[in-house]
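Report on the following structure.
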């Protein structure tokens with residue numbers, strides 16, 4: 001397994017833990033994962049960057065997912081699927097340095113591994129629609 005796949009899977013676990021126990025908070029959840037799991041520094045850094053990005057942009061990410069999920073509210077979605085989509089939507093919307101096709105393929109594979117039998121197609125359908133839309137405007141510093 002590649003370092004980035006390992007990092008994405010770790011990020012999914014962290015986001016899932018935050019969803020399961022939001023009162024703990026990001027800082028403490030990250031600390032707990034650092035203490036409980038020994039992973040290479042590059043994996044940890046990429047995973048934590050993704051998690052922090054998702055948390056910072058969560059409102060925009062959830063709006064994008066909600067707008068493309070017909071007949072599904074976020075609260076009804078399986079937590080694994082939702083957090084896989086949040087990770088991938090963050091990459092699609094806010095990380096132009098990561099190829100979109102790589103992001104979507106990674107999300108599908110992670111959904112296949114951690115979700116149920118319908119997860120890969122559900123995740124793929126929503127992410128394809130997010131990928132097809134324009135990215136949010138970037139500040140002049142980011143361009």
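The values are calculated or read from the model by the stated rules, or taken from the named source; none is laboratory data. The model shown is predicted, which means the values in this text are computed figures rather than measured ones. Quick reminder, even Gly has a Cβ in these numbers, built from the backbone with ideal geometry, and neighbours come from all protein chains shown.
Quick one: which residue in 104, 110, 98 is farther than 17 Å from residue 19 by Cα, within 15 Å of the chain's Cα centre (by Cα) and touching a residue at least 60 places away in the same chain (Cβ under 8 Å)?
Every option except 110 fails the conditions.
From (1) in a helix (DSSP H, G or I); (2) under 23 Å from residue 115 (Cβ atoms), pick out the condition that doesn't hold for residue 42.
Result: residue 42 passes all but (2).
Every residue in the stretch 102-138 that is at pLDDT 95 or above and farther than 26 Å from residue 76 by Cα, please.
Correct list: 102 only.
Checking the structure you have, find out if any residue of the stretch 33-54 is under 16 Å from residue 130 (Cα atoms) and either more than 13 Å from the chain's Cα centre (by Cα) or at pLDDT 95 or above (or both).
Looking for residues that are under 16 Å from residue 130 (Cα atoms) and either more than 13 Å from the chain's Cα centre (by Cα) or at pLDDT 95 or above (or both), one finds at least one in the stretch 33-54, hence yes.
Name every residue in the stretch 85-107 that is more than 17 Å from residue 3 (Cα to Cα) and not in a loop (DSSP other than H, G, I, E, B), in order of residue number.
Those that are more than 17 Å from residue 3 (Cα to Cα) and not in a loop (DSSP other than H, G, I, E, B): 85, 86, 89, 90, 92, 93, 94, 100, 101.
Results for (1) part of a helix (DSSP H, G or I); (2) in contact with a helix residue (DSSP H, G or I) (Cβ under 6 Å, 6 or more places away or on another chain), shown as yes or no for each residue.
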{"site": "32", "(1), (2)": "yes, no"}
{"site": "51", "(1), (2)": "yes, yes"}
{"site": "64", "(1), (2)": "yes, yes"}
{"site": "70", "(1), (2)": "no, no"}
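Which ones in the stretch 2-29 are without any contact (Cβ under 8 Å) to a residue 24 or more places away in the chain, out of contact with any helix residue (DSSP H, G or I) (no Cβ under 6 Å at 6 or more places or on another chain) and in a helix (DSSP H, G or I)?
13, 27, 28
Can you pull out every residue in the stretch 113-124 that is in contact (Cβ under 8 Å) with a residue 40 or more places away in the chain and surrounded by fewer than 17 Cβ atoms within 10 Å (Cβ to Cβ)?
Result: 113, single match.
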